[in-house]
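Where a number appears in this text, it was derived from the coordinates with a stated rule and is not lab data. As the structure is a computational prediction, the values presented were derived from the model and not from experiment. When we count neighbours, we look across all protein chains shown, and the Cβ atoms used for this are built from the backbone with ideal geometry, even at glycine.
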Amino acid sequence: MKFTELPLSEEVLAGVEKAGYTECTDVQQRVLPLTLQGRDVMVQSKTGSGKTAVFLLTILEKYKRNKSGAALIVSPTRELAVQIEEDARLLSAGFPEYRIGCFYGGVGYKEQIEELASGLNLYVGTPGRLLDFASSSRIDFRCFDTVVLDEADRMFDMGFYPDIQTMFSRMVGPQERQTMLFSATLSTRVRNLAWSYMNEPEEITVQPEEITVKNITQELFHVTK
Ligand code: ADP
Ligand code: MG
């Protein structure tokens with residue numbers, strides 16, 4: 001399926017073209033028709049299968065339709081947050097006024113505070129720093145009508161479950177927002193999260209038997225302390 005066959009606006013397709021995408025990947029073809037209708041989804045798909053574009057294109061198409069509300073993408077690591085921000089800048093090329101901010105720890109607050117003060121359409125970040133800004137009333141979680149949890153299983157591995165619970169408790173209810181969850185595995189704890197905080201999510205599993213990509217050779221080296 002080509003991106004042009006999806007119900008995407010000219011502006012959103014301009015970003016797709018800028019990114020150099022023409023054909024949808026499996027996960028994009030299966031999930032975008034649902035998320036573009038506003039459905040909540042819980043998606044399991046291997047690394048490198050194109051999940052980022054699923055939630056970014058959904059967020060951008062909603063922006064095109066409403067021009068109101070704000071979107072939040074929560075990522076377990078700074079590196080992933082930065083990668084998502086870069087993809088978002090590329091895919092939002094058709095909306096020059098679209099404002100994106102990226103919030104993570106390990107760096108000073110000043111620049112991030114300035115970014116927040118200017119008002120944003122899309123917030124990308126790691127749980128700790130996002131909650132810091134919520135505590136200082138610089139981010140109001142009630143403004144988000146779209147929420148993405150990327151690499152949900154890794155969030156658990158990194159001990160972010162309490163932070164995620166806190167974030168959801170500060171948001172509007174599941175029925176008043178669209179929530180999308182992406183994970184390499186849909187374990188019981190990930191499903192529990194979906195049951196607690198999502199609105200009848202559609203569950204999509206793409207090629208569950210291999211969690212990593214075939215053409216990447218992996219080796220494990222045991223090292224001493
Ligand atoms: P995942 O989050 O599933 O691990 P990403 O969203 O990071 O995967 O995508 C992996 C790579 O594939 C990225 O470099 C991205 O730019 C590229 N990509 C995504 N969708 C497409 C597409 N439809 N056509 C070509 N390349 C794509
Ligand atoms: Mg990803």
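Taking the charge dipole of the chain about its Cα centre, with +1 at Lys and Arg Cβ atoms and -1 at Asp and Glu Cβ atoms, the residue from S187, T47, V206 reaching farthest to the positive side is S187. In terms of distances greater than 30 angstrom between alpha carbons, the cross-link table entries K62/K214; K2/K46; K2/K214 yield K62/K214. Partners of K64 within straight-line reach, counting lysines whose Cα lies under 19 Å from its Cα and excluding those fewer than 8 residues away in the same chain: K18. Take every Cα pair under 8 Å whose residues are at least 6 apart in sequence, average their separation, divide by the length of region 96-135, and the relative contact order is 53 percent. Please list 3J(HN,Hα) in residue order for region 93-103, calculated via the Karplus relation 6.51 cos²θ - 1.76 cosθ + 1.60 where θ = phi - 60°; whole Hz, with x for glycine and proline. Computed from phi, the couplings for region 93-103 are 3, x, 10, x, 8, 5, 10, 10, x, 10, 10 Hz.
In loop segments of region 52-105 as defined by DSSP, the GluC sites (Glu not before Pro) with at most 12 further C-beta atoms inside 10 Å of their C-beta are E97. Partner aspartates and glutamates whose Cα lies under 16 Å from the Cα of K110, excluding those fewer than 8 positions away in the same chain, are identified as D132. How high is the FRET efficiency between Q37 and K2 when r is their beta carbon distance and R₀ equals 22 Å, given to the nearest 0.05? Once the sixth-power term is evaluated, E becomes 0.70.
With only Cα atoms counted, region 40-97 has Rg and Dmax values of 12.0, 33 Å.
Roughly speaking, what is the stretch gain from E23 to E86, that is 0.36 nm per residue apart minus the C-alpha to C-alpha distance, in nm to one decimal?
Values: separation 63, 0.36 × 63 = 22.68 nm, distance 2.06 nm.
Fully extending the segment from E23 to E86 adds 20.6 nm.
The slack in the chain from R154 to E79, taken as 0.36 nm per residue of separation less the alpha-carbon distance, amounts to 25.7 nm.
In terms of its C-alpha gyration tensor, region 26-129 comes out oblate, because a/c is 1.5 or above while a/b does not outweigh b/c. Compared with the alpha-carbon gap, the fully stretched path from E202 to S9 is longer by 67.1 nm at 0.36 nm per residue.
In terms of the Cα gyration tensor, with a ≥ b ≥ c the square roots of its eigenvalues, is the chain rounded because a/c is under 1.5, prolate because a/b exceeds b/c, or oblate?
Working: a/c = 1.31, a/b = 1.02, b/c = 1.28.
It comes out rounded by the Cα gyration axes.
Which of T22, T205, T146 moves the most in a Gaussian network model of the chain with Cα springs under 10 Å? Of T22, T205, T146, the most mobile in the Gaussian network model is T22. Classify region 2-86 from the C-alpha gyration tensor, please: rounded if a/c falls under 1.5, else prolate or oblate depending on whether a/b exceeds b/c. Here region 2-86 falls in the rounded category.
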